[in-house]
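Working notes, beginning with the structure itself.
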Amino acid sequence: MSQHDSLFFPGTRMLRAVLLAILALPMLASSASALSSPNIPLDSPVYSYLEKLAGFGLVQSDVAGIKPFSRAEAARLLLEAEWALEAGGGSGDPAFARSIMEELRRKIPREAALYTEPDKASAVDVNPLSSARIRYVYLDGKPRSYERPVHDPGNDGVFGIGSGLRPANPYPSPIQQHGTEGTPLMENNEGIIYRDGHNAELRFSAEAHVKSVASALVEPQLSYSRGGDGATVKLVKGYLKLGGGGLELEVGRDANWLGLGNRGTVTLTNNAENFDLVKLSSPEPIQLKYIGAIKYTFIGSRFDATVTNGVERRPWFLGAKLSVKPVDIFELGINLGKEFGGPGVNNSFGDYVRGIVGGTSADNTNNLAGVEMRLRLPFLRNTEIYGEFSGEDSASFWPIVESYVAGFFIPRLTAGGRDDLRFEFFKGNNILYTSGTFPEGYLYKGMPIGHSQGGAVIEFYLRYSHWFSARNNLALEFYRTDRGHEGRVKVDAAGNFDPNGVMQAIEKKHAGRISWTLPVHGDLDMNLLYGIEKVENVDLRSGNDRTNQLFKAELRYRY
């Protein structure tokens, strides 16, 4: 965001609305029949199965803007699809739809069996190997750096129209962007970075349940990188959950995704490393009279200490989301991400209050907030169109420093439903994820916690997939990414701002990936992926071109 927050930040009213909803909804939610369950990994095929069932018209109550789904929520949607199919509903190939439901039951056997009868849950249930994944990655390439001085022109309009809501060229020197891509051709990977050469990774999850009221999961990872730190062991996920249904408390380390985008969202994704958190949420929708179905989440964390340009910061993090479905075909969401407080900023009571409820030019906060919408079109084979608008600042109430995600998804490109197509567009503001209060920006351990491509980006993404069966899927992806098209400045040979240097070039990336998932034996599946990209003007340096390639092979057990 810009180096100073203005007085009327759009996230202020959004935050108040979300907080009031979170305080009120538990009183309206009944947990008598709730089933506590672990979350489904964000890269699990379960999400594709549920999208496909929605494309058949068998699932209508899904809320897509808050992830991960709990396994109980996936079971609820599975039962909804089964009941709809038995009642003669839906369209497309019913045999294919039924095979997807059977595969879903294999992925979530406990929740599918207990969802309608949670009182039958065992007093204590321990599963030492609920899922596992072994992955090999060979990378021929290097990640792009997001380090870059960028000019903030000011003179903002709203929704890309008009000007003058903020003074033109408000800052005498460029703003510094920070961060890294992580791994070429492997975004949204929970901060795991693969190095040039051979990489291997093994992770598994163990879980435990206490009747229907509590669940716990641990997911350690053993990794090896020939060009990195060698062999390492870390806990990528580990949490305790209490409750379920309309009210759940989660404490531990986990991944989250706030937004409707598939390749990325502006506010929060699993691109960066999972951070420790306390989360209050409704894993299943709450039905409210006159309003419709509502889901919410409220995430609190604290980031690691960082030193950027000699300045130490360790802010608190607040993420919040409210999603509303007044009718089955329409979803509306409000996103909020906020860094505030910690060492190096004014932590007086007044600044904490201003940092929590809104921004000024002297507070201790870095804010990002937005709205999003999703519309399902039953007359077009349940095609979905969706979009997100987010701002990191405002002037005279109007949101500025704007970024966008927009796209469409055709779940039944062919009548039978075995082909689907997705298109997604992302435009990141030239000062997206930057901050004067927190110089590292909207990052965690060097990577954006929102969209993986960072700021000053325009990207077009296209994905086509064909389903030979529920477990045999071939997908083709293409994306074109331009970075640095706005806010260019002159730099020296090291990339630092120099008014007598050379103008930054526009970095252009053309990339393609092919992915094939197929069954091996029993609950064991294989996924193979090959990707290649041509990057021109790497790190915004003219003539600095590079080709990256990546090959991935993995085996999954109930993942």
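For this structure, a couple of remarks:
- Residue match in the stretch 513-524 (condition: under 21 Å from the mean Cα position of the chain (by Cα) and surrounded by fewer than 23 Cβ atoms within 10 Å (Cβ to Cβ)): yes
- Answer from G92, G65, G88 - the residue that is buried (at least 21 other Cβ atoms within 10 Å of the Cβ) and on the phi > 0 side of the Ramachandran plot: G92
- Matching residues, the stretch 451-467, being within 30 Å of I100 (Cα to Cα) and either aliphatic (A, V, I, L, M) or at pLDDT below 95 (or both): L462
- The stretch 463-479, residues that are surrounded by fewer than 18 Cβ atoms within 10 Å (Cβ to Cβ) and among the aromatic types (F, W, Y): Y464, F468, F478
- Residue within the stretch 444-458 that is polar (S, T, N, Q) and in contact (Cβ under 8 Å) with a residue 60 or more places away in the chain present: yes
- Set side by side, the residues D276, D328 differ, and just one is surrounded by fewer than 23 Cβ atoms within 10 Å (Cβ to Cβ), in contact (Cβ under 8 Å) with a residue 60 or more places away in the chain and over 15 Å from the mean Cα position of the chain (by Cα), which is D328.
- Scanning the stretch 498-534 for residues that are out of contact with any Phe, Trp or Tyr (no Cβ under 9 Å at 6 or more places or on another chain), touching a residue at least 12 places away in the same chain (Cβ under 8 Å) and more than 17 Å from V137 (Cα to Cα) gives V502, M503, Q504, A505, I506, E507, K508, P519, V520, K534.
- Residues that are assigned to a loop (DSSP other than H, G, I, E, B), at pLDDT 95 or above and of a type in the set (A, V, I, L, M, F, W, C) within the stretch 394-426 comprise just one, L413.
- Filter pass, D492 being within 30 Å of S99 (Cα to Cα) and over 23 Å from the mean Cα position of the chain (by Cα): no
- Filter result for E73 (acidic (D, E) and modelled with pLDDT under 95): no
- Counting only strands (runs of 3 or more DSSP E) wholly contained in the stretch 177-281, the ones carrying 3 or more residues that are in contact with a Ser or Thr (Cβ under 6 Å, 6 or more places away or on another chain) occupy 197-210, 214-225, 230-244, 275-281.
- Counting only strands (runs of 3 or more DSSP E) that fall entirely inside the stretch 487-559 and contain at least 3 residues that are of a type in the set (G, A, S) and under 25 Å from E187 (Cα atoms), the qualifying elements are 507-521.
- Residue match in the stretch 265-273 (condition: surrounded by fewer than 21 Cβ atoms within 10 Å (Cβ to Cβ) and either at pLDDT 95 or above or among the aliphatic types (A, V, I, L, M) (or both)): no
- Options E73, E102, E82, E86: the member that is in contact (Cβ under 8 Å) with a residue 60 or more places away in the chain and over 28 Å from Y239 (Cα atoms): E102
- Evaluation of P519 against the conditions (1) out of contact with any strand residue (DSSP E or B) (no Cβ under 9 Å at 6 or more places or on another chain); (2) closer than 30 Å to R71 by Cβ shows that the sole unmet condition is (1).
- Set S205, S212: member being out of contact with any strand residue (DSSP E or B) (no Cβ under 6 Å at 6 or more places or on another chain), of a type in the set (G, A, S) and within 30 Å of T297 (Cα to Cα): S212
- Some residue of the stretch 450-461 being among the aromatic types (F, W, Y) and either surrounded by fewer than 20 Cβ atoms within 10 Å (Cβ to Cβ) or in a loop (DSSP other than H, G, I, E, B) (or both): yes
- Taken over the stretch 500-532, the criterion of being of a type outside the set (A, V, I, L, M, F, W, C) and touching a Lys or Arg at 6+ places or on another chain (Cβ under 6 Å) is satisfied by G501, Q504, E507, H510, P519, D523, D525, G531.
The values are calculated or read from the model by the stated rules, or taken from the named source; none is laboratory data. Just so it is clear, the model here is predicted, and its values are computed rather than measured. When we count neighbours, we look across all protein chains shown, and the Cβ atoms used for this are built from the backbone with ideal geometry, even at glycine.
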